[in-house]
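Reviewing the structure listed below.
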Amino acid sequence: MKEITIKNADLVKAAEEGMDDFLQVFIDAINNSIGGELNGATMAELNSEQITLMGYAILRDEVMDGGFIQLIHNGYGPFFFQNPFRKAMRLWGIDELATLMNKVNSQYSKNRQELERDCDDETFMALYEQYPKYDDFDDEFVENEERWTAQVAYYVDEHIENFAKIVDQ
């Protein structure tokens, strides 16, 4: 496992700015340690808590930008629906997000082939009309994102040693 380090001064400053900045310090440190790409090889360098945090960051960024259809189309379906991400969210106390991810998974299982295939922009945009159920999932995520992010930040704060070593440098 790679040792992820964060300067205490950076963490204190970020915490003063708010939960998003607090989390971003960890996300950036982990991301920098793996060269900016979360894949099979780089996941082997991280522990499960770090992988879950990176997963949450990807989930939040993708869904807030283009919804679950974009998340799946961009190749993240297997990461979220064929790995223990949902279980990790339950272990972190974010049951409602795990429940939402289970609902998305039931649709993903039905629509996976179509949503993951390569296509041009026009065909991609048409996916939003073909699969309106994902709109409900997107809305639920957006409505709860701030609270879920706060819960993730709380979990990280309570388990900092699982995410990074804080140094005084």
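Using the beta-carbon distance between A9 and S48 and R0 = 35 Å, what value does 1/(1 + (r/R0)^6) give for FRET efficiency, to the nearest 0.05? The calculated FRET efficiency here is 0.80. A crude spin-label estimate for the pair S106 and Q130, with each label 7 Å from Cα along the Cβ direction, gives 2.2 nm.
In debye, nearest 20, what is the charge dipole magnitude of the chain about its Cα centre with +1 on Lys and Arg Cβ and -1 on Asp and Glu Cβ, if you could check?
Working: 14 positive and 34 negative charges, 171 e Å.
Dipole magnitude for the chain comes out near 820 debye.
Measuring nothing but how far apart in sequence close Cα pairs (under 8 Å, 6+ apart) lie, relative to its length, the chain scores a relative contact order of 37 percent. Of the residues L91, Y134, T149, the one whose Cα sits farthest toward the positive end of the charge dipole of region 77-169, with +1 on the Cβ of Lys and Arg and -1 on the Cβ of Asp and Glu, is L91. Segment N83..D139, full-extension length gain: 17.8 nm, with 0.36 nm per residue of separation and the alpha-carbon distance subtracted.
Using helices alone, what [θ] at 222 nm do you get for the chain, with -39,500 (n - 2.57) per DSSP H run of 4 or more residues, divided over all residues and rounded to the nearest 500? Show your work: numbers first, answer last.
Details: 9 runs with 123 residues, N = 169.
Value at 222 nm, helices only, nearest 500: -23500 deg cm²/dmol.
If one computes the Cα centroid of region 53-69 and of region 133-169, what distance in Å separates the two points? Region 53-69 and region 133-169 have Cα centres spaced 11 Å from each other. Taking amide H as placed 1.01 Å from N in the peptide plane, K7 has its amide H under 5 Å from the amide H of V167, each at least 5 places away in sequence or on another chain.
No lab work stands behind these numbers, since they all come straight from the coordinates. A quick note: this is a predicted structure, and the numbers were derived from the prediction, not measured. Glycine gets a Cβ as well: all are built from the backbone with ideal geometry, and neighbour counts include every protein chain shown.
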